[in-house]
Amino acid sequence: MAQFFSIHPENPQQRLIHQAVGILRNGGILVYPTDCSYALGCQIGDKGAMERIREIRRVDERHHFTLVCRDLSEIAQYAKVDNRQYRLLKTCTPGPYTFILQATKEVPRRLQHPKRATIGIRIPDSPVVAALLEELGEPVLSTTLILPDETEPLCDPYEIRDRLEHCVDLIMEGGYCGMEMTTVVDLSGDEPVLVRKGKGALPPLGLEEE
């Protein structure tokens, strides 16, 4: 049965962050709040935990996982970023965006898109996520908490506990999250391509709102 931590969304308790990271390092899956919605997360190198997340979401190997990173310098370890892409990332992070980029050799093949060798990258604007990543010292492998046959993320932490307490190891309750997902932009080609319009505004990307 999952542990349930009530964590302050603006001033997260360090002892709870420390315990959460310990659970991650021991192969656990956590549910945590971001600046958009609740997400599922595990360690990058934990294949078993990743497969458990796939099972919860019922997604196949073509699903783009996201590496949730601390800052731009950490992104550069896991994704190939040129000057044009860097300027765009600097403008839009931290914030409610996910960027698809070419993966570096630091990213295990199983985390990359099987045909395109790409990876999703994100820097949320969230004190909880920032504290979690600082304690962990590496990105969290993550995906939005959307259950099979549903179109919107779960936003109520108590409903999440009712539905997933036997599937995950920790639920970090940070209040009611939004139900709007990130704006996803593919930067792996010559020009930015909008994959999904979400919470993030389009003008900073050089794209126009409809």
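Just so you know, all these numbers are worked out from the coordinates, no wet-lab data involved. The model shown is predicted, which means the values in this text are computed figures rather than measured ones. Every residue, glycine as well, gets a Cβ built from its backbone with ideal geometry; the counts of neighbours run over all protein chains shown.
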Subject >> Cubic angstrom per residue, convex hull over Cα atoms of segment 144-210 >> reply: 132
**OP:** Compute the acute angle (0 to 90°) between the alpha-carbon long axis of helix 47-57 and the principal axis of greatest extent of the alpha-carbon atoms of the chain; round to the nearest 10°.
**Re:** 90
**OP:** Please give the FRET efficiency for Lys47 paired with Lys90, using the beta carbon to beta carbon distance and R0 = 22 Å, rounded to the nearest 0.05.
**Re:** 0.10
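May I ask you to derive the FRET efficiency for Ala117 and Met179 from their Cβ-Cβ distance with R0 = 41 Å, giving the value to the nearest 0.05? The partial results should precede the final answer.
On the way: r = 32 Å, r/R0 = 0.77.
The computed FRET efficiency comes out at 0.85.
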**OP:** Count charges around Ser6 for me, please; just the other residues with Cβ under 13 Å from its Cβ, Lys/Arg as +1, Asp/Glu as -1.
**Re:** +1
Subject >> Added length on full extension, which subtracts the Cα-Cα distance from 0.36 nm per residue, Leu72 to Asp149 >> reply: 24.3 nm
Original post:
Could you give the angle, 0 to 90 degrees to the nearest 10, between helix 83-92's Cα long axis and the longest principal axis of the Cα atoms of the chain?
Top reply: 40
Original post:
Tell me, Kirkwood radius of segment 39-156 from alpha-carbon pair distances, in Å?
Top reply: 14.7
**OP:** Using only Cα atoms, locate the centre of segment 117-146 and the centre of segment 27-53, then give the distance between them in Å, rounded to an integer.
**Re:** 9
Original post:
What length, rounded to one decimal in nm, is gained on full extension from Val193 through to Asn26, with 0.36 nm per residue of separation minus their alpha-carbon distance?
Top reply: 56.4 nm
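Round to the nearest 0.05 the FRET efficiency obtained for His166 and Gln3 when R0 = 22 Å and r is the Cβ-Cβ distance. Show your work: numbers first, answer last.
On the way: r = 12 Å, r/R0 = 0.57.
The value I calculate is 0.95.
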Original post:
Structure shown: which of Lys90/Lys199; Lys47/Lys80; Lys47/Lys115; Lys90/Lys197; Lys47/Lys105; Lys105/Lys199 lie over 25 Å apart, alpha-carbon to alpha-carbon?
Top reply: Lys105/Lys199
Original post:
Ratio of Rg to Rh for the chain, alpha carbon only, Kirkwood?
Top reply: 0.94
**OP:** Using only alpha carbon pairs under 8 Å that are at least six residues apart, calculate the relative contact order of segment 1-109 and give it in whole percent.
**Re:** 17
